[in-house]
Protein chains: 2
Amino acid sequence: MSRADRLVDLLAERELDCLLVTDLVNVRYLTGFTGTNGACVVTRDERLFLTDSRYVEQAKQQVAEFSQLEASRELLGDLAARLSGRAGFDDAQLSVKAHAALADKLPDGVELVPAAGLVERLRAVKDEDELRAIGAATKIADAAYERLRADGLAGRTEREVARSISRFLEDAGADEVSFPPIVAAGAHGALPHASPRDVEIPRGVLVVLDLGARLDGYCSDCTRTFATGPLEDRQVEAYEAVRATQAGALDEVRAGKACKEVDASAREAVKSRLGVGFDHGLGHGVGLDVHEGPRLAPSAEGSLEAGNVVTVEPGVYLPGEFGIRIEDLVVVTDDGCDVLTGFPKELVTVDG
Amino acid sequence: MSRADRLVDLLAERELDCLLVTDLVNVRYLTGFTGTNGACVVTRDERLFLTDSRYVEQAKQQVAEFSQLEASRELLGDLAARLSGRAGFDDAQLSVKAHAALADKLPDGVELVPAAGLVERLRAVKDEDELRAIGAATKIADAAYERLRADGLAGRTEREVARSISRFLEDAGADEVSFPPIVAAGAHGALPHASPRDVEIPRGVLVVLDLGARLDGYCSDCTRTFATGPLEDRQVEAYEAVRATQAGALDEVRAGKACKEVDASAREAVKSRLGVGFDHGLGHGVGLDVHEGPRLAPSAEGSLEAGNVVTVEPGVYLPGEFGIRIEDLVVVTDDGCDVLTGFPKELVTVDG
């Protein structure tokens with residue numbers, strides 16, 4: 001059953017006659033198109049793809065199953081005439097201005113219905129090809145950690161390390177990084193979304209490293225926390241507490257488990273071990289986007305399904321002192337999960 | 001007069017009581033904030049900046065003139081209460097869903113009014129600091145072309161050349177590339193937005209190279225077309241025709257000139273010289289975004305102003321054969337323009 005066919009089933013659930021897909025990642029998922037301007041319309045009987053003259057040739061090579069139409073660069077004017085009945089659109093993606101332009105050109109009797117998230121629901125469950133791509137992207141990230149272990153960190157700037165990671169990932173076969181690498185030493189590691197600084201990494205600190213590769217469009221995502229020499233005992237204890245929490249969280253992951261429960265047990269485990277915890281979610285789906293569904297977070301609805309690919313990444317952050325995060329990428333199965341990440345989780349000390 | 005003060009003048013023109021600024025580039029322009037979650041509200045008497053807990057410390061260092069408020073990560077809920085009267089919002093940026101969430105929480109008597117493009121109007125005219133940053137980013141791009149001339153192109157893949165450009169720009173001091181470099185050899189150069197391929201660049205072809213550096217947030221943008229050895233006469237003739245057109249177009253640029261007229265003369269000049277032309281605009285503004293106002297294009301409204309920074313980039317594209325584009329970055333002045341780009345425009349033959 002093709003992706004578009006499965007989407008049609010979701011349309012029926014929402015009593016939609018068609019869905020307008022404007023988010024480029026969703027367009028890629030449904031059609032294979034990788035250009036920067038395209039959209040599609042899916043109905044029970046029709047699959048229509050539109051792009052402008054710049055991408056017509058590329059679309060011919062990439063897009064199967066969809067009939068193809070050349071449109072003006074704005075797309076929306078030409079799309080309006082193709083909609084019918086209750087027409088779902090991506091209200092989380094379409095701007096107010098684009099929506100107004102679309103509404104202005106609608107044929108009589110067509111109603112625009114907010115319907116964000118339908119393609120994302122399909123994307124959350126990966127097929128074999130997708131799992132292969134994510135697995136290969138994960139191996140490239142593993143190799144980057146091996147390189148970091150070999151090259152060391154102390155005396156280099158965070159920025160230089162981040163750049164060397166990006167270059168390593170590309171040279172190892174990635175299309176690009178899946179996000180700009182995080183390299184955050186000492187107290188800077190207490191900021192979960194730290195940007196690399198032009199600051200030398202000292203000896204004897206913890207360094208949070210968060211990186212991923214993108215391969216054939218699919219992302220990997222892995223965090224490790226290295227030491228640059230001997231640490232204070234409480235830092236080692238905190239590391240072991242996060243490691244134990246992360247291992248425990250992996251044991252909680254399985255199809256059918258409520259997403260917020262997986263998050264809650266890890267959150268409580270860190271808190272009970274260290275008295276402090278983490279503000280971010282325990283994990284998130286990874287695929288064509290490095291952050292997608294399902295989320296493992298206090299506010300997350302729903303349960304895990306076999307074929308979800310999620311991160312499991314508890315951390316601890318002590319402002320002004322240090323941060324620790326350990327993150328694996330896993331495939332959810334009926335009775336647990338397969339961990340894709342291969343790099344070890346014992347505390348790695350470099351520059352030792 | 002501060003940027004926010006000048007914005008207040010534009011509010012009066014539109015009879016707005018306040019403006020909600022949600023586009024992060026606009027937020028940066030007004031406040032200096034470079035994080036990934038922030039928004040501001042500007043009224044005649046108040047300048048308010050909101051971010052979430054992750055960025056409070058960073059905002060304290062970066063944001064002056066605005067009072068600062070810590071908000072939840074969604075921001076919009078906390079913003080709604082701060083709006084008053086006729087409240088302008090960025091309808092080109094805000095999604096239908098975010099708009100609905102905002103409307104839901106509005107105090108009584110507040111009306112949301114579409115008002116995209118106000119901050120962009122200010123951004124189109126650069127001040128001295130901005131011109132300095134763009135000038136420095138342009139010098140880095142010039143140096144990348146010197147390196148390409150020295151290193152040659154034939155026998156390398158387009159992808160490898162593109163990566164080496166990105167790395168050179170970073171190593172030369174850029175924060176990052178302002179866009180992924182274009183390296184398009186032979187017939188691939190006939191696609192104005194070609195992606196670099198894993199294909200070796202042959203000898204004796206034209207190669208379109210389009211690259212830019214970002215420095216302190218500001219972009220540069222430069223295109224040159226190199227030859228990898230002796231060319232057929234008609235390719236040399238086409239090159240010289242584009243070069244003459246580009247030189248002529250520079251002569252047309254001055255404050256007060258209608259944007260669409262500058263575009264039209266270059267478009268006609270290429271057409272009369274070669275019988276074919278280009279589908280894209282002659283140029284676009286460059287600043288915090290690599291594509292911003294003013295545009296030089298057939299559909300462009302308005303006239304050039306002193307302090308605009310625009311590209312001037314005519315080209316010619318022969319499907320299946322070759323493409324040529326030559327692009328400088330210039331500052332518009334009262335009586336002409338200052339060309340920022342320093343790399344020569346005579347046909348450069350590498351690998352010769």
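Brief remarks on what is shown
- Look at region B:30-45: where a residue is farther than 18 Å from B:Ala81 by Cβ and a partner is assigned to a strand (DSSP E or B) and of a type in the set (Gly, Ala, Ser), sitting 6+ places away or on another chain with Cβ atoms under 8 Å, you get B:Thr31/B:Gly38.
- Among the residues of this structure, A:Val331 counts as one that is in contact with a strand residue (DSSP E or B) (Cβ under 6 Å, 6 or more places away or on another chain) and either farther than 21 Å from A:Ala241 by Cα or surrounded by fewer than 18 Cβ atoms within 10 Å (Cβ to Cβ) (or both).
- In region B:100-118, residue surrounded by the most Cβ atoms within 10 Å (Cβ to Cβ) [restricted to those that are within 8 Å of chain A (Cβ to nearest Cβ) and of a type in the set (A, V, I, L, M, F, W, C)]: B:Ala116
- Residue identified as within 16 Å of the chain's Cα centre (by Cα), under 24 Å from A:Ser72 (Cβ atoms) and at pLDDT below 95 among B:His280, B:His291, B:His284: B:His280
- Hey, B:His284 in a strand (DSSP E or B) and within 24 Å of A:Ser53 (Cα to Cα) or not: yes
For (1) assigned to a helix (DSSP H, G or I); (2) over 12 Å from B:Ile324 (Cβ atoms), each residue gets a yes or a no:
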{"site": "B:Glu237", "(1), (2)": "yes, no"}
{"site": "B:Val242", "(1), (2)": "yes, no"}
{"site": "B:Thr245", "(1), (2)": "yes, no"}
{"site": "B:Leu250", "(1), (2)": "yes, yes"}
{"site": "B:Gly256", "(1), (2)": "no, yes"}
{"site": "B:Glu261", "(1), (2)": "yes, yes"}
{"site": "B:Arg267", "(1), (2)": "yes, yes"}
{"site": "B:Lys271", "(1), (2)": "yes, yes"}
{"site": "B:Gly277", "(1), (2)": "no, no"}
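- Across region A:47-84, the qualifying residues are those that are exposed (fewer than 14 other Cβ atoms within 10 Å of the Cβ) and modelled with pLDDT of 95 or more, and the one among them that is farthest from the other protein chains (Cβ to nearest Cβ) is A:Ser67.
- Neighbours by Cβ (under 6 Å, 6+ apart or cross-chain): first from region A:67-94, within 21 Å of B:Asp91 (Cβ to Cβ); second of a type in the set (Asp, Glu) and at pLDDT 95 or above: A:Asp90/A:Asp23; A:Gln93/A:Asp23
- Scanning region A:134-193 for residues that are within 11 Å of another protein chain (Cβ to nearest Cβ) and among the charged types (D, E, K, R) returns A:Arg159, A:Glu160, A:Arg163, A:Arg167, A:Glu170, A:Asp171, A:Asp175, A:Glu176.
- Filtered residues of region A:60-110 (kept if part of a helix (DSSP H, G or I) and under 22 Å from A:Glu120 (Cα atoms)): A:Gln62, A:Leu76, A:Leu79, A:Val96, A:Ala98, A:His99
- Taking strands (runs of 3 or more DSSP E) as the structural unit, those lying wholly within region A:158-228 and holding at least 1 residues that are over 24 Å from B:Asp171 (Cα atoms) and among the aliphatic types (A, V, I, L, M) correspond to A:206-211, A:213-215, A:222-227.
- Conditions (1) crowded, with 20+ Cβ neighbours inside 10 Å; (2) under 14 Å from B:Leu329 (Cα atoms): number failed by B:Gly307: (1)
- Here is the figure for region B:202-236: residues that are free of Cβ contacts under 8 Å to residues at least 12 places away in the same chain and among the acidic types (Asp, Glu) total 2.
- Residue tally, condition under 17 Å from A:Val332 (Cα atoms) and among the small types (Gly, Ala, Ser), over region A:94-135: 3
- Residue in region A:156-175 that is more than 17 Å from A:Glu321 (Cα to Cα), of a type outside the set (A, V, I, L, M) and modelled with pLDDT under 95 present: yes
- Inter-residue pairs, beta-carbon under 7 Å, first free of Cβ contacts under 8 Å to residues at least 60 places away in the same chain and in region B:280-292, second among the polar types (S, T, N, Q) and part of a strand (DSSP E or B), 6+ apart: B:Gly283/B:Thr311; B:His284/B:Thr311
- Checked against (1) aliphatic (A, V, I, L, M); (2) touching a Gly at 6+ places or on another chain (Cβ under 9 Å); (3) part of a helix (DSSP H, G or I); (4) more than 18 Å from A:Phe343 (Cα to Cα), A:Ile134 passes all but a single condition, namely (4).
- Residue match in region B:174-193 (condition: free of Cβ contacts under 8 Å to residues at least 40 places away in the same chain and of a type in the set (S, T, N, Q)): no
- Any chance B:Ile201 is buried (at least 21 other Cβ atoms within 10 Å of the Cβ), modelled with pLDDT of 95 or more, within 16 Å of B:Ile165 (Cβ to Cβ) and within 13 Å of chain A (Cβ to nearest Cβ): no
- Among residues of region B:303-327, those that are touching a Ser or Thr at 6+ places or on another chain (Cβ under 9 Å) and farther than 20 Å from B:Thr349 by Cβ, counted: 5
- Boolean, B:Lys97 is surrounded by fewer than 19 Cβ atoms within 10 Å (Cβ to Cβ), of a type in the set (D, E, K, R) and within 13 Å of chain A (Cβ to nearest Cβ): yes
- Residue within region B:31-39 that is crowded, with 17+ Cβ neighbours inside 10 Å, more than 12 Å from chain A (Cβ to nearest Cβ) and out of contact with any Ser or Thr (no Cβ under 9 Å at 6 or more places or on another chain) present: yes
The values are calculated or read from the model by the stated rules, or taken from the named source; none is laboratory data. From a predicted model like this one, the values you see are computed outputs, not experimental measurements. Here Cβ is always computed from backbone atoms with ideal geometry, including for glycine, and neighbour counts include all displayed protein chains.
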